[in-house]
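First comes the structure, then the notes that go with it.
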C-alpha cells in the first residue's frame with residue numbers, strides 16, 4: 001500500500017484532508033518560499049516546489065504540495081510580519097474584495113498534476129476596534145491576508161464567491177478525485 005504524504009505543516013490543510021477520510025503522513029517541505037510572476041503562477045510554482053522537495057525523498061509515495069496566496073490586482077498580500085502589519089493588511093482589505101488562489105501539486109510515479117482554484121472574498125467594512133480585537137486574538141498572525149475564514153475571521157467575511165476550502169488552503173473538491181484515482185484502496 002502506497003503512502004500519502006502532505007508536504008505542509010498547515011493545520012488547516014491537515015484538517016481538510018483528515019475530514020475527507022484520508023490517512024497520511026505530514027512532512028513539511030524544505031524550500032525558500034519565493035517565486036516570480038502573477039499570483040496564480042507564483043502559487044503553482046510554490047506548490048510544485050513544495051511537493052518536489054518531499055517527493056524526491058519518497059518516490060514510492062503520493063505527495064501533495066499546496067500554496068495559498070491572497071491578492072488584490074497583482075499585489076500579493078502575504079502573512080504579516082508582526083501585529084502592526086496584520087492591522088495594516090486588515091485595514092487595507094476592509095470593505096474590499098480580494099482574491100485567494102490555492103494551487104496544488106500531486107506527485108507520484110505515474111502522475112504529476114498541478115492545478116489551482118481561485119475564489120473571491122469580500123470583507124465587510126471593519127472598525128478600528130474590530131481590527132485591534134481580531135489582531136489581539138493572535139489568529140491573523142500566521143495567515144496570508146491576516147485572516148482565517150474558518151475561525152473568528154469568518155465574522156469579517158461578507159461574501160465568498162467560489163469554494164470555501166480554496167480560501168482555507170486546500171480545494172478538496174478538486175483534489176479528492178485525483179487521490180481516489182491514485183490511491184484506490186481508500
> Going by alpha carbons, how many degrees (0 to 90, nearest 10) lie between the helix axis of 172-182 and the longest principal axis of the chain?
Replying inline: 10
> Counting only Cα, what are the radius of gyration and maximum Cα-Cα distance Dmax of the stretch 1-46, in Å?
Replying inline: 13.0, 39
>> Antiparallel versus total DSSP beta bridges in the chain: what percent is that, nearest 5?
In response: 85
> Quick one: Cα centre-to-centre distance for the stretch 1-47 and the stretch 57-83, in angstrom?
Replying inline: 8
>> With 19 Å as the cut-off, how large is the P(r) tail for the stretch 54-148, expressed as percent of Cα-Cα pairs?
In response: 50
> Which option, [x] 53, 32, 26; [y] 53, 38, 29; [z] 46, 36, 32, is the value of Cα extents along the principal axes in Å that was calculated from these coordinates?
Replying inline: [x]
>> For the chain, take the longest principal axis of its alpha carbons; what is the angle in degrees between that and the long axis of helix 83-93, to the nearest 10 within 0 to 90?
In response: 80
>> If you average the C-alpha positions of the stretch 153-186 and of the stretch 89-134 separately, how far apart do those two centres end up, in angstrom?
In response: 12
> Is the shape of the stretch 137-182 rounded, prolate or oblate, going by the alpha carbon gyration tensor and its root eigenvalues a ≥ b ≥ c, with a/c under 1.5 for rounded and a/b larger than b/c for prolate?
Replying inline: prolate
> Taking neighbour counts of Cβ atoms within 10 Å as a proxy for exposure, in what order, fewest first, do 54, 167, 155 appear?
Replying inline: 155, 54, 167
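Computed from the coordinates by the stated procedures, all read-outs in this text should not be read as laboratory data. Predicted, not measured: the structure shown is a model, and the values here were computed from it. Every residue, glycine among them, receives a Cβ derived from its backbone with ideal geometry; neighbour counts consider all protein chains shown.
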